[in-house]
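For reference, the structure is listed below as structure tokens.
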Amino acid sequence: MSEIHDLSAVLLRDELRSGELSAREATAHFLRRIEAANPRLGAFITVTADMALADAAAADELQARLPREQLPPLHGVPLAFKDLTDVAGVVTTHGSAALDRRPAPVDGALAAALKGAGAISLGKTQVPEFGLTAYSENLIAPPSRNPHALSRSSGGSSGGSAAAVAAKLLPFAPGSDGGGSVRIPAAACGLVGLKPGRGLVPAGESSGDPAGLVVSGPLARSAADAALMLDALAAEGPEGSAVNAAPGGARYLEAVKAAPPKLRIGVSLDSPWSAIFPFTPEPEALDALAAGARLLTDAGHDVVETAIRYDNRYPDAFTTAWTAGVGAARIAPQREALLAPLTRTFRRRAQQRSAAKLNESLAFLRQFQRDTLAQYAEWDLILTPSLAQTPRPVGWFTGSAHGDGHWPASEWAGDADGDYRKQCEFAPWSSMVNVCGLPAVSIPVHWTGGGSADAGLPMGIQLIGPMGSEALLLQVAAQLGY
């Protein structure tokens, strides 16, 4: 019999619903794995073991009373929330030393949706301060490390969640994505990471999101597991979508079992960041792109190079919108010195901008969306690498050398602009998808050095689809073997 942690989320859910496995057994098993692995991995900021075991006992009592078909869709399945998400009775740190430590009075929208579907929260996972960066390091807890190479970052901002799933400390986990924060850690950790289109699922969390960038999505080891979570998140399928017809509420899980139609896929390395931050993709990123193109071609799709033209005003407008929330965050003046250098710099600049500047940037991003969608419409899907570089070493973005514990702000380099540039060069194909409100998926198609999950680092491809194409993206991921 497989170990509990080796089961897919779908199989684990089935065993929990059938009673072959109790929620208390599953919860205790994953808590033991977290206790053993987290000191070196840094995936969790807070572990809520007592609360999780109490919830598991309640789930077992429910399973004893109700027939299987009346149990909630994620009955007894363990997961965890990134520490930007409010969970009732648990402190939400936002990865910041500048905030007071007060337990959240109620669940946020994301936690309410998944706990309402029967899932059991084991705790809160590591995030960068306010979710701002493509790495999950902060000044309050050890950095989140990549399970495939502990010297490397697990990405961000959902890096702790991705590390936990990749290390099998969780069967799957929700992330939130405002500029790549699901897809980046999915690619770094060798997972399937789905960013749904705008409006399909609860946005999750944001300290202010005037451009509507943030959306929640699953981090999983397979397309089927991602589909299972998406079914729980998306209470209503998109109007007119084929997923609405699937039986038993398992719209996406049923849809992922079908093969996708033959698709026209445009391949592009163009990025809206190139004008301000010229970059050259690493050979490993190009190897992943080539591997993805081969797999897609072998599956019968037409894969053709294309050129996408992006307005060079994009970087300034996106940065203005992206940092507006941290400028408005309620932080006592005497605690601002506790912010990380990048956060402090972005906050100061956001507060110095006029409302007219923000409105101008938001208007530009709406036009950018229209122009980009018009170009993407020539293709069924757009294909890019997920990342331009291999997973970066821990401390690489901040210019700091970390030990196994947490560290004072004085050990972080103060070059916020250099940090930000590195992030944009690391993940240059992510944020424009959020601006356009489109769904996208990262698929781990390649391992460096000709290795596998047991050797080398994962590298992925990103597929961007039109609105309402979440099921199609998951079908393609499943068709490629994920």
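The values are calculated or read from the model by the stated rules, or taken from the named source; none is laboratory data. The structure presented is a predicted model; accordingly, all values stated were derived computationally and were not measured. Because the Cβ atoms are built from the backbone with ideal geometry, glycine has one as well, and the counts that use them run over all protein chains shown.
Check the range 100-109 and report whether any residue there is at pLDDT below 95, within 19 Å of D86 (Cβ to Cβ) and aliphatic (A, V, I, L, M). Yes: one or more hits. Filtered by the rule that a residue be in a loop (DSSP other than H, G, I, E, B), without any contact (Cβ under 8 Å) to a residue 40 or more places away in the chain and closer than 23 Å to V192 by Cα, the range 259-295 gives a lone residue, P261.
Look through A374, A388 and report the one residue that is modelled with pLDDT of 95 or more, in contact with a Pro (Cβ under 7 Å, 6 or more places away or on another chain) and either over 28 Å from M459 (Cβ atoms) or of a type in the set (A, V, I, L, M) (or both). That would be A388, the only listed residue that is modelled with pLDDT of 95 or more, in contact with a Pro (Cβ under 7 Å, 6 or more places away or on another chain) and either over 28 Å from M459 (Cβ atoms) or of a type in the set (A, V, I, L, M) (or both). For T27, which of the numbered conditions (1) touching a strand residue (DSSP E or B) at 6+ places or on another chain (Cβ under 7 Å); (2) surrounded by fewer than 24 Cβ atoms within 10 Å (Cβ to Cβ) fails to hold? For T27, the failing item is (2).
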